[in-house]
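The values are calculated or read from the model by the stated rules, or taken from the named source; none is laboratory data. Note that the structure is a prediction, hence the values are computed from the model and not measured. Here the Cβ positions follow ideal geometry from the backbone for every residue, glycine too, while neighbour counts run over all protein chains shown. Keep in mind that these areas ignore ligands, DNA and RNA; they rest on the heavy atoms of the full protein, side chains included. Shrake-Rupley method; radii C 1.70, N 1.55, O 1.52, S 1.80 Å.
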Amino acid sequence: MTTPLLAAFDTPDALVTALRRARADGHRAVDAFTPFPLEELAEAFDPAPRWIRPAMALAGFGAAAAMYALQWWSAVHDYPLNSGGRPLHSWQVFVLVPFEVGVLAAAIAGFTIFLVTCGLPRLHHPLFVMPQFERASQDRFLLLVAPKGDPEPLRRLLEEAGAGLVAETHP
Amino acid sequence: MSGQPHPLIDAERLGYGAISAAVADPVLRTGFGRAWVIALLCTLPLVVLTLGAIGAVLTVGIGLSGVNTTVVWGFSIANYVWWIGIGNAGTLISSMLLLTRQRWRASINRFAEAMTLFAAAIAGLFPIIHLGRPLYAYWLAPYPNTMDLWPQWRSALVWDFWAILSYLLFSALFWYTGLLPDLATMRDRARTRAGRVIYGALALGWRNSARHWRAYETYHLTMAALAVPLVCSVHSIVGLDFAASLMPGWQESIFPPYFVVGAMFSGFAMVVVLAILIRWGLNLQAMITPAHFDAMAKVMLFASIVMAFSYATEWFTAWYGGEHADRTVVGYFFTGDYAPLYGLLLFCNCLAPQALWWRRVRRNLWWLAGISVLINVGMWLERILIVWNTLSHGHAVTLWRTYHTSLYDLAILVGPLGLFAFLFLVLARLLPIVSMHEVRQLARDEGAA
C-alpha cells in the first residue's frame, strides 16, 4: 500500500496543471487544499454536496407550516379572541411569522448539513502535522495524490509541474 | 483614480501571502496602537450610559422618556427603526451583491455583516425598553403556560419579535459561515498558543479542502438567496407596524418598500463611514479603494432619489385621497411644530446626496464622509418625524400635543452609538475585518496576485 503524496504549489494554475497530468497518468487525486475556492476544481473531487439545499428547503417549509399551524390552532381553537372584529383566522398576517421562522430554520438546517458534509467540527486531522499545510489557508496550493504503484514517477511528475515541496503523508 | 493599477486593488502586485499578512497580522500583534486604546476609552462612558439608561427604565419605567398621552411613541421606536435600518445594508451588501456577482463587495462585506449583527442586536433592545413592563417580554413567545395564554398573532409587536429574532440569528450564522475560512487562516498564523487554541476551536477544523469549499459555496450562496427576501421582509414588517394602524400619515401601502429603501440608504451611509475609518485605522488602502466608495456612493444616490419620490408620493396620496386628516398631517409636516426638522430631513436625504452625481465627490473621502453623516442624521429625523408628526396631529383635535425630549431620550440616542463603536473596536481587535479568502480570489481575478 502506497501513501498519498502532498505537493505544494505557488500558483493555482500550477496545481491545476499538475492535477490534470497526474490524472492522465492514472494516479488518483484525493483532495486539494487552496486558500480560496478554485472554479477549476469544482468538478474534480466527488461527491458533490447533495443534501444541503434539500435539507434547507425541507426544514424551511416544514418550520413555516408548523408555525402557521400553531397560529391557526391557538387563534381559532385554543384561544379565540375577537380583536377589533378581525377574523379569527387572519391568514394575511399569519404568513408573516411563518416566513421569518421558515428562513431561520432553513439557515440552521443548512449549517448543520454543511458541517456534516465537510466532516466538521473536527479539531484535529492527520494532515495538520504535514509541513507547510498551514500555508493552504494563506498562500500555497496543495494537492494530495495517491500514486498508482511506485510513488517515484508521481513524485517526479509533481516536481516537474512546479511543486516546491512533495511530502509523503502518513495517515 | 490615476495611479491605481487595478480597479479594486490599489497595488501593482498583491500576493496571497501579502493579503493574509495585511489583514491578519494587525489582529495578531500584541499591541494595537494608541489610537485604538484612546478610541476604546472614549466609547466606554457611552457604554456605561447605555447600561445606566436601560437600568433606569427597568427600575423606574418609560415615564422617564418624553412620551405623553398622545405621543405614546418616541425615541425608542424611532431608534429601533433607525438601527434595524443600519443593519439592513450589511446583509444587502453581502447577499445581493454576492448573487449579482459584484466583486467589489469582497473588501467590505465582512465588516458590513458585523455592522448588521451589532445594529440588529441594538435595535432589538428598544422594543423591550419601550414595552413598559419589560419583565414580561417573554410573553411574546408562544410557550406552554399555566394561564393558557397565547401571543396575539395579529399584533405588530409579535411580528417584530419574530422578525428581529430570525434576522439576528440568521445574520450571525451567515457571518460566522463567511468567517470560517478566515478563522483557519488566523489559527495558522497565530504565534501564541492561546491564539492557536481559540482560533482553532472557532475554525471548527476547517482545512481549505476542495470538498469543503464546494459545500461552503453551496451553503453560502443559498444563504445569500434567502437573505435578500428575509432582509426585505424584516424591514417591511417594521413599515407594516405603522401602515397597519388607522392613523393619518401612516395608513399607506407604500410604507413597506419605502422603509426597505430607506434602510438601504442609511445602512450604506453607515458602511461608508465605517469603511473610511477602518481603511485609515488598519492601513487597508490597497484593498478598500476609491472604486469601492464610488460604487457605494452610486447606491446611495439611487436610494436618495427613491426616497425623494417616496416623500412626493406621500404628499400626493394625502392630497389625492381627499381624506381631511391626511391632508392636515401633510400640512403639519411643513408648517407645524417640527417643520424645521422636516426641512432638515429633506435637505439631508434628498438634496445633499445629489452632489454624488459628480465623480469627483464620489471619490473624495471627506465629501463622502460628510454626505454619509448627513444621510444618517436625515434618516434618523425621518424615523422620529414619522412618529411625532402623526401622533401629534391625529384625528382628534383635542388630542393634539407636541413631544418634548427628555434627558433619558438623549441617553438612549447617544449611548447605543457608543456601544456600537465599542463593539466594533473590540471586533477589529479580535477578528479579521476584511474577508481574506474573498480578497485573495479577487486578487487572482484582477491579475494582481
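Details
- The residue that is modelled with the lowest pLDDT, among those in region A:23-55 that are of a type outside the set (D, E, K, R) and open to solvent by 30 Å² or more (accessible area, probe 1.4 Å), is A:Pro47.
- Checking each residue in region A:29-47 for being farther than 15 Å from B:Trp206 by Cβ and at the interface with chain B (Cβ under 7 Å from one of its Cβ atoms) picks out A:Leu41, A:Ala42, A:Ala44, A:Phe45.
- For region B:383-394, the criterion of a residue being in contact (Cβ under 8 Å) with a residue 60 or more places away in the chain and either outside any helix (DSSP H, G or I) or open to solvent by 40 Å² or more (accessible area, probe 1.4 Å) (or both) is satisfied by at least one position.
- Within region B:229-263, the set of residues being in contact (Cβ under 8 Å) with a residue 60 or more places away in the chain, open to solvent by 30 Å² or more (accessible area, probe 1.4 Å) and assigned to a helix (DSSP H, G or I) comprises B:Leu240 only.
- For beta carbons closer than 6 Å, sequence separation of 6+ or different chains, a first residue in region A:107-124 that is within 14 Å of A:Met56 (Cα to Cα) and outside any loop (DSSP other than H, G, I, E, B) and a second that is open to solvent by less than 70 Å² (accessible area, probe 1.4 Å) and not hydrophobic (A, V, I, L, M, F, W, C), the qualifying pairs are A:Gly110/B:Tyr219; A:Phe114/B:Tyr219; A:Thr117/A:Pro49.
- Of the candidates B:Leu246, B:Leu168, B:Leu202, the single residue that is out of contact with any Asp or Glu (no Cβ under 9 Å at 6 or more places or on another chain), over 30 Å from B:Gly262 (Cβ atoms), more than 8 Å from chain A (Cβ to nearest Cβ) and not acidic (Asp, Glu) is B:Leu202.
- Residues in region B:15-27 include at least one that is of a type outside the set (Asp, Glu), modelled with pLDDT under 85 and in a loop (DSSP other than H, G, I, E, B).
- If the condition is being at the interface with chain A (Cβ under 8 Å from one of its Cβ atoms) and of a type outside the set (Gly, Ala, Ser), then region B:177-199 contributes B:Thr177, B:Pro181, B:Thr185, B:Arg187, B:Asp188, B:Arg189.
- Candidates are the residues of region B:23-52 that are more than 22 Å from the chain's Cα centre (by Cα) and small (Gly, Ala, Ser); the one that is surrounded by the most Cβ atoms within 10 Å (Cβ to Cβ) is B:Ala24.
- Taking the conditions (1) over 24 Å from B:Ala308 (Cα atoms); (2) in a helix (DSSP H, G or I); (3) of a type in the set (D, E, K, R) in turn, B:Arg401 satisfies each one other than (2).
- Restricted to region A:125-138, and to residues there that are assigned to a loop (DSSP other than H, G, I, E, B) and at the interface with chain B (Cβ under 7 Å from one of its Cβ atoms), the residue that is most open to solvent (accessible area, probe 1.4 Å) is A:His125.
- Scanning region B:422-438 for residues that are within 23 Å of the chain's Cα centre (by Cα) and part of a helix (DSSP H, G or I) yields B:Phe422, B:Leu423, B:Phe424, B:Leu425, B:Val426, B:Leu427, B:Ala428, B:Arg429, B:Leu430, B:Met436, B:Glu438.
- Selection status of A:Val97, outside any helix (DSSP H, G or I) and either among the β-branched types (Val, Ile, Thr) or farther than 25 Å from B:Asp241 by Cβ (or both): no
- Some residue of region A:139-151 being modelled with pLDDT of 85 or more, out of contact with any strand residue (DSSP E or B) (no Cβ under 7 Å at 6 or more places or on another chain) and open to solvent by less than 30 Å² (accessible area, probe 1.4 Å): yes
- Restricting attention to region A:86-124 and to residues that are within 19 Å of B:Val158 (Cα to Cα) and small (Gly, Ala, Ser), the residue that is nearest to the other protein chains (Cβ to nearest Cβ) turns out to be A:Ser90.
- Top-ranked residue in region A:71-80 [being facing another protein chain (nearest Cβ under 7 Å) and either open to solvent by 30 Å² or more (accessible area, probe 1.4 Å) or in a loop (DSSP other than H, G, I, E, B) (or both); ranked as nearest to B:Ser245 (Cα to Cα)]: A:Tyr79
- Of everything in region B:197-215 that is within 18 Å of A:Gln138 (Cβ to Cβ) and out of contact with any Cys (no Cβ under 9 Å at 6 or more places or on another chain), the residue that is surrounded by the fewest Cβ atoms within 10 Å (Cβ to Cβ) is B:Leu202.
- Among the residues making up region A:15-34, a single one is farther than 21 Å from B:Arg214 by Cβ, small (Gly, Ala, Ser) and not in a loop (DSSP other than H, G, I, E, B): A:Ala24.
- Number of positions in region B:314-362 that are open to solvent by less than 30 Å² (accessible area, probe 1.4 Å), in contact (Cβ under 8 Å) with a residue 12 or more places away in the chain and closer than 23 Å to B:Arg383 by Cα: 16
- B:Leu221 vs. criteria open to solvent by 10 Å² or more (accessible area, probe 1.4 Å), of a type in the set (A, V, I, L, M) and either more than 9 Å from chain A (Cβ to nearest Cβ) or within 26 Å of the chain's Cα centre (by Cα) (or both): yes
- For region B:108-149, the set of residues classified as touching a Pro at 6+ places or on another chain (Cβ under 6 Å) and within 14 Å of chain A (Cβ to nearest Cβ) consists of B:Leu140, B:Pro142, listed by residue number.
- For region A:88-111, the criterion of being within 22 Å of the chain's Cα centre (by Cα) and surrounded by fewer than 20 Cβ atoms within 10 Å (Cβ to Cβ) is met by at least one residue.
- Among residues that are within 26 Å of B:Glu438 (Cβ to Cβ) and small (Gly, Ala, Ser), B:Ala24 is included.
- Members of region B:127-172 that are surrounded by fewer than 17 Cβ atoms within 10 Å (Cβ to Cβ), farther than 22 Å from B:Leu58 by Cβ and in contact (Cβ under 8 Å) with a residue 40 or more places away in the chain: B:Ala172
- Any chance B:Leu99 is crowded, with 21+ Cβ neighbours inside 10 Å and either touching a residue at least 40 places away in the same chain (Cβ under 8 Å) or of a type in the set (Phe, Trp, Tyr) (or both): no
- Of the listed requirements (1) open to solvent by less than 20 Å² (accessible area, probe 1.4 Å); (2) small (Gly, Ala, Ser); (3) farther than 30 Å from B:His235 by Cβ, B:Ser76 misses just one: (3).
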